[in-house]
Amino acid sequence: MSDIPVFFLHGLAYAGLLFLVSAGLTLIFGMMNVLNFAHAAMYMLGAYLSYTIIMQLTGQFWMALILCPLILFVIGALIERFLLRRVHKYGHLGELLLTFGLAYIVTELVKWYWGNYPLAVNITGFLSGTITIFGFIYPIYRIFIFLCAVLVGGVMALILYKTRLGIILRASVNDSEMTNTLGVNVPLVLMGVFAFGTALSGFAGVIAGPLLSTFPGMAQEILIDAFVVIVVGGFGSLGGAIVASLLIGQLQSFGVLLIPKLSVALVYLLMAIVLVVKPSGLFGEEQ
Amino acid sequence: MLEIRDIHSYYGKSHILHGVSLDLKEGELVCLLGRNGVGKSTTLKSIMGVVKPEQGSIRFHDRELVGLAPYEIARLGVGYVPEDRRIFRSLTVHENLLMGIKNGKKENIGEGGWTVERVYKLFPRLEERKNNKGSHLSGGEQQMLTVVRTLMGNPRVILVDEPTEGLAPLIVKDVLDMLATVRKSGVTVLMVEQNFKAAIKVADRYYIMSKGQIVFAGNTEELLAAEEIRKNYLEV
């Protein structure tokens, strides 16, 4: 039991990663009403691109941290503009099938190009070191993940609540047609949101590489937890995504410590309880 | 200023508007009357580009509106106040008003233009509640807020859909007075209304719709004289 602080820190690191993946997912769902099944595939693509950039091209982790989100931003913008926007008129089913198909295509392309086996991304320098915290020697990298998530969450909250763009985004979540009739170029805003969410997912992928290793199943693995986060937190709620990520991070971490046999089931249990008690999620608005 | 010629609009496969034509002149308050489901709201949505007319033309100050996106039509100076109010629930009253300002800029607001300060001066009740969530307002207050939110964009014409629906009689008068004030400030108004007794107090001209077509056009005297038409198309 003396390991509790370590498991707590592990939980924070995983919560940070989960938040980075689910923040984009919940934003896209809130704004566009699209449950993006390709989201985790983009996270995986980010991780593999970072492998190429770090291990084969530049040797620089920071380079991948900047380049991968940019590449995925462009990919996200293109997907929204030329695919998602076209199937929008066929309703939810069309959008669901499209993102589902994209997830498969990206996964298969990744296997074809990078191979169907795990690849290790090694970090060097300051981030690969350790520090002593609560009397334990702890890897700096895991703390770095949590700090990245705090930074991204803070910037997103500032934009959402303190800027004109934020007012437009929150208005579009409520009623995008009304926002359009007030003179806001909503299609452009939606493209930006989708691109930003995809970029964020790629950013999370870069960060996940050195922590969890890069393998073709990594998308499936995080997708389920990310879906649980946005259901528990409430669809479209950034605050909800923060709280639910922290909850599920700790649940996963302590689950392994306390009841290893049931640890996989714990997140579903949490989701079931939230759905029974408050179906719209902890921070979701009642419809 | 606004000329609508023979527009045909569809909701999915159902043909709603069968060749609607109507005109608005600068500074008028025109009322579009008719029973439920005859295409009044669809007419406003077609002007705004929310529903895309398959045929026909809508010209606004010599610009063709058919084929433009709602935000482009809004930027040309057409304001839209939908039915059911559609306040942004999770935004405060103040933020709702800011949403109405086009591109967030204060340009093009000459003498008599609408600003947040002016709205608060005119409707102190909204200022008292500026930091409340939009969803916490009463029905009448929400209706006022939707109208002034659209006015913040300083449109040259506003399309108002059933502004008095579901409001208590005393509030109905407030809302109609407000629209009269808006017209006085130089904004042209096209209003959809079911309640012709309320409309007659404020409007200059009327169109009556039935089954997706215009069946009557005239001023107040002509409408009062046309007893047969009122009986057939308005009174239940």
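The values are calculated or read from the model by the stated rules, or taken from the named source; none is laboratory data. If you're wondering where the values come from, they're calculated on a predicted model, not measured in any experiment. Every residue, glycine among them, receives a Cβ derived from its backbone with ideal geometry; neighbour counts consider all protein chains shown. Accessible surface is based on the protein model in full, side chains and every heavy atom, while ligands, DNA and RNA are left aside. Shrake-Rupley method; radii C 1.70, N 1.55, O 1.52, S 1.80 Å.
Among the residues that make up the range A:251-262, is at least one of them without any contact (Cβ under 8 Å) to a residue 60 or more places away in the chain, among the hydrophobic types (A, V, I, L, M, F, W, C) and outside any helix (DSSP H, G or I)?
Yes, that holds for at least one residue.
So which residues in the range B:191-236 are of a type outside the set (S, T, N, Q), open to solvent by 80 Å² or more (accessible area, probe 1.4 Å) and either outside any helix (DSSP H, G or I) or closer than 29 Å to B:Thr150 by Cα (or both), if there are any at all?
Matches in the range B:191-236: B:Lys197, B:Lys201, B:Lys211, B:Val236.
Having 2 or more residues that are among the aromatic types (Phe, Trp, Tyr), crowded, with 18+ Cβ neighbours inside 10 Å and touching a helix residue (DSSP H, G or I) at 6+ places or on another chain (Cβ under 9 Å) is the bar; report the helices (runs of 4 or more DSSP H) wholly within the range A:139-221 that clear it.
Values: elements: A:140-162, A:164-174, A:176-181, A:186-212.
Hits in the range A:139-221: A:140-162, A:186-212.
Taking into account only those residues within the range A:168-185 that are over 16 Å from B:Thr150 (Cβ atoms) and over 23 Å from the mean Cα position of the chain (by Cα), which is nearest to the other protein chains (Cβ to nearest Cβ)?
A:Asn185
Within 22 Å of A:Met32 (Cβ to Cβ), of a type outside the set (Lys, Arg) and modelled with pLDDT of 95 or more - does that describe any residue in the range A:245-259?
Filtering the range A:245-259 down to residues within 22 Å of A:Met32 (Cβ to Cβ) leaves A:245.
Pick out the ones that are also of a type outside the set (Lys, Arg) and you get A:245.
Within this subset, residues satisfying the condition of being modelled with pLDDT of 95 or more are A:245.
Taking every residue of the range A:245-259 in turn, at least one turns out to be within 22 Å of A:Met32 (Cβ to Cβ), of a type outside the set (Lys, Arg) and modelled with pLDDT of 95 or more.
Within the range B:76-100, which residues are in contact with a Gly (Cβ under 7 Å, 6 or more places away or on another chain) and of a type in the set (A, V, I, L, M)?
Correct list: B:Ile87, B:Leu91, B:Val93.
Taking the residues in the range A:86-123 that are within 20 Å of the chain's Cα centre (by Cα) and hydroxyl-bearing (Ser, Thr, Tyr) as candidates, determine which candidate is nearest to A:Met42 (Cα to Cα).
Restricting attention to the range A:86-123, the residues satisfying the condition of being within 20 Å of the chain's Cα centre (by Cα) are A:95-96, A:98-107, A:110, A:121.
In the following step, the residues that additionally are hydroxyl-bearing (Ser, Thr, Tyr) were identified as A:99, A:104, A:107.
Numbers: A:Thr99: 11, A:Tyr104: 11, A:Thr107: 9 Å.
Here the answer is A:Thr107.
Can you tell me how many residues within the range B:117-156 are more than 20 Å from B:Lys173 (Cα to Cα) and aliphatic (A, V, I, L, M)?
Summing the residues that are more than 20 Å from B:Lys173 (Cα to Cα) and aliphatic (A, V, I, L, M) in the range B:117-156 gives 1.
Could you tell me which of the residues A:Leu97, A:Leu160 is more than 14 Å from chain B (Cβ to nearest Cβ) and not acidic (Asp, Glu)? Before the answer, list the steps.
Numbers: A:Leu160 fails: more than 14 Å from chain B (Cβ to nearest Cβ).
One residue alone meets the criteria, A:Leu97.
What number of residues within the range B:110-151 are closer than 12 Å to B:His94 by Cβ and either of a type in the set (Phe, Trp, Tyr) or under 14 Å from the mean Cα position of the chain (by Cα) (or both)?
Qualifying residue count, the range B:110-151: 4.
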